[in-house]
Amino acid sequence: MSDVLTPLASAFQYTPDDLRANRQSQLSGRQRRRLWGRFWLLALGAGLMVIVPIALALGLALWSTDQSLSAAMNDTRTGLGYAVGFILGIFYVIANWSSMWTFFDLLRGRVVEIVGPAQLWGRYLIVDEARFVVDDHALQMLQSGVTYRVFMLPRSKTLLSIEFAE
């Protein structure tokens, strides 16, 4: 890895081994572990969005009445918890839709490369019509109009590593 790339690697949090694997259209073991962790955290968040309102409604129905658990589960007040949980779960999945594709990207393990001049727009890096949300520190390392080679997952559009195109 050249000295010019070191600030990019630091800003985008990848190692020389990650970049080497990405150049061979593969994920490194480190990237695979990190992305699986991120995916399961998102899945846990979706599950909690569904389960917590249901559990709260069920708990309140049990607390406020002398019903049995099976009767409380069929109570209309608990039905409201089901509805709220379902709606929150749907909103969570929609808000994290592109990240949900990470599961299929990780199963396949294929990395794609795109090359093109960078366009910076707000917190977005746009290269060859692919758009990535980038944090402020990483954004400061980039320049509009400079041609970069970006390695990403194809379905979730997850940026893995970036380097100057030569």
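No value in this document is a laboratory result; all are computed from the given coordinates. Quick caveat: nothing in here was measured; it's all calculated off a predicted structure. Using ideal geometry, Cβ is built from the backbone for each residue, glycine included, and neighbour counts are taken over all protein chains shown.
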- Message: Show me the helices of the chain, taken as full DSSP H stretches, that run 30 Å or more along their long axis by Cα and average 0.0 or above in Kyte-Doolittle hydropathy.
- Response: 29-64
- Using a Förster distance of 35 angstrom, determine the FRET efficiency expected from the C-beta separation of Met141 and Val52, and round it to 0.05. 0.35
- Message: What percentages make up the Cα-Cα pair-distance distribution of the chain when the bins are 10 Å wide from 0?
- Response: 10, 30, 25, 14, 11, 8, 2, 0
- Estimated FRET transfer efficiency (Leu44, Val112; beta-carbon r; R0 30 Å; 0.05): 0.60
- Take every Cα pair under 8 Å in the stretch 1-85 that's 6+ residues apart, average their separations, divide by the length, and report that relative contact order as a whole percent. 22
- Query: For the stretch 31-105, with the dipole built from +1 on Lys and Arg beta-carbon atoms and -1 on Asp and Glu ones, taken about the Cα centre, which of Gly59, Thr102, Val84 lies farthest toward the positive end?
  - Reply: Thr102
- Förster radius 30 Å - calculated FRET efficiency between Arg77 and Arg123, Cβ distance, rounded to 0.05: 0.10
- Item | Mean separation of Cα contacts under 8 Å, 6 or more apart, over the residue count of the chain: relative contact order % | 25
- Note on the structure: quick shape note, the stretch 31-105: Cα extents on principal axes in Å, largest first -> 52, 20, 14
- Message: Using 0.36 nm times the number of residues separating Ala165 and Asn96, minus their current alpha carbon distance, what extension gain do you get?
- Response: 21.8 nm
- Message: Can you give me the C-alpha center-to-center distance between the stretch 95-166 and the stretch 12-46, rounded to a whole angstrom?
- Response: 13
